Amino acid sequence: MNIDRVVLAERPKGEPTKENFRFEKVETPKLQKGELLLKVKWLSLDPYMRGRMDGSKSYAEPVSIGETMQGECVAEVIDSQNNGFKVGELVSGQLGWVSHAISNGKQLRKIPKSNIPEQTSLGVLGMPGHTAWVGLNKIAKASPGETIVVSAASGAVGSLVGQLAKKKGLRVIGVAGSKIKCSYVTEELGYDGCINHQSVASVGEFKELVARYCPKGIDIYFENVAGITLDAVLPNMNEFGRIAVCGMISWYSGKGLQEAMAFPKFWRTVLVKRLRVNGFIIFDHKGSFPEFRKEVSPLIQSGEIKYKEDIRDGLERAPESFLELLNGGNFGKMLIRLK
Ligand SMILES: NC(=O)c1ccc[n+]([C@@H]2O[C@H](COP(=O)([O-])OP(=O)(O)OC[C@H]3O[C@@H](n4cnc5c(N)ncnc54)[C@H](OP(=O)(O)O)[C@@H]3O)[C@@H](O)[C@H]2O)c1
């Protein structure tokens, strides 16, 4: 049997392209004692993968040229030489952009049998959901009555941030990239308002729109995108406001950096408004994963919290789907379903 995999063929110069990836087939090695063979059912595509394509080290090592692209998967055990795992069990783990994988089981999480779809372990009940929960509760320390602005509001992280914030009694304003996404954010997710960043003609207009939607100013900005959204939000922050810096996707490929707000202006606003700007990386918060799952799983089960998935079929579609994700082409958690 062969394993299909997608490797990094070359590093992107600016915006990534399909040519940066290469498909390969490799023969499955024989299982050794203690190992298990996994068939991948779902692959998660996430913005952080863009950073791993660059050569420079950030909070994690980059993917090497010729190495399999990193990614979290849901997979089924199809053969096992490991007493801890039985054939037919479902697990999640960092297996990469592959059809099958061999593992010693150490870094895998078993997915308990339930009526919740298994792929939510990669989205609303997985890393992105945990990020939303940590960012809102532990980093921003949101309180009832406050106003929060959430960028990439219809996405995997943003959609849960806003819903949890509404449940806590905050005024919640989203920013998203189309009319349809904004309607979903207000009508389905229950946000109090949503600004379509694609429809604003200038930063000035964007800033005024934010002010109109947030008449009492902004206490918390949940930062997912940076770029002109940050420019429009920052002047509307209240004194002693908090910014939870989760991501800055609009800058990941270097676009928009020339037009970005001058650093001295940004820094001055942080001082004058006495803002607390707190970057966070979810891998530092592994310990709170059970608490997050305990709180959010029942809300998913009861339908109180909604989530949306953007499902593409076939590993061969992973590169093009990933490129779309980086440009707002997804509507909901981006997932690849493998046959
Ligand atoms: N700190 C951490 O540990 C951590 C963990 C997970 C995720 N993150 C970060 O959280 C953010 C959201 O991740 P996600 O998985 O939930 O992705 P997502 O929101 O499901 O998808 C990415 C979204 O970003 C928006 N976007 C892309 N380019 C943009 C641009 N130039 N300007 C404005 N918006 C743009 C698009 O939404 P619109 O069409 O609505 O603009 C796109 O749909 C990312 O920045 C990611 O890196 C951080």
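Worth pointing out:
- Remark: segment 188-200, residue by residue, has Karplus-estimated 3J(HN,Hα) of 8, 8, x, 4, 7, x, 8, 9, 8, 5, 6, 9, 8 Hz, where x stands for each Gly or Pro and the curve is 6.51 cos²θ - 1.76 cosθ + 1.60 at θ = phi - 60°.
- With all projection directions averaged, the alpha carbon convex hull of segment 14-154 covers 11.7 nm².
- Restricting segment 242-323 to GluC sites (Glu not before Pro) that sit in a DSSP loop and have at most 15 other Cβ atoms within 10 Å of their own Cβ leaves GLU259, GLU304.
- For segment 93-132 and segment 249-271, distance of Cα centres in Å: 34
- 3J(HN,Hα) along segment 318-326, derived from phi through the Karplus expression 6.51 cos²θ - 1.76 cosθ + 1.60 where θ = phi - 60°, amounts to 4, x, 5, 5, 5, 5, 5, 4, 5 Hz, with x in place of Gly and Pro.
- A convex hull fitted to the Cα coordinates of the chain yields 133 cubic angstrom per residue.
- Theoretical gain in end-to-end length, GLU27 to TRP267 [0.36 nm per residue, Cα-Cα removed]: 81.0 nm
- 5 angstrom amide H check on GLY34, placed H, neighbours 5+ away: GLN81, ASN82
- Given charges at beta-carbon only (K, R positive; D, E negative), |dipole| of segment 127-282 in Debye: 400
- Loop-located trypsin sites (Lys or Arg not before Pro) in segment 113-192 (DSSP state not H, G, I, E or B) with no more than 12 neighbouring Cβ atoms inside 10 Å: LYS113.
- Estimated Rh, segment 127-282: Kirkwood, alpha-carbon pairs, angstrom: 15.2
- Near-label residues of segment 45-59 by backbone N, under 17 Å of a point 7 Å along Cα→Cβ of ILE311: 45
- Unit charges on C-beta of K, R, D, E only; dipole of the chain, Debye: 700
- Of the residues SER143, SER178, PHE206, the one whose Cα sits farthest toward the positive end of the charge dipole of segment 127-282, with +1 on the Cβ of Lys and Arg and -1 on the Cβ of Asp and Glu, is SER143.
- HN-Hα J in Hz across segment 141-149 - Karplus 6.51, -1.76, 1.60, θ = phi - 60°, x for Gly and Pro: 6, 5, 10, x, x, 7, 10, 10, 10
- The portion of the accessible surface of the chain made up by carbon and sulfur, rounded to a whole percent, is 52 (1.4 Å probe; DNA, RNA and ligands excluded).
- GNM on the chain, alpha-carbon springs under 10 angstrom: the most fluctuating residue among VAL98, VAL26, VAL134 is VAL26.
The values are calculated or read from the model by the stated rules, or taken from the named source; none is laboratory data. Predicted, not measured: the structure shown is a model, and the values here were computed from it. FYI the Cβ positions are ideal-geometry reconstructions off the backbone, even for glycines, and counts take in every protein chain you see. Ligands, DNA and RNA are stripped out before the accessible areas are found, and what is left, the full protein with its side chains, is counted by its heavy atoms. Shrake-Rupley method; radii C 1.70, N 1.55, O 1.52, S 1.80 Å.
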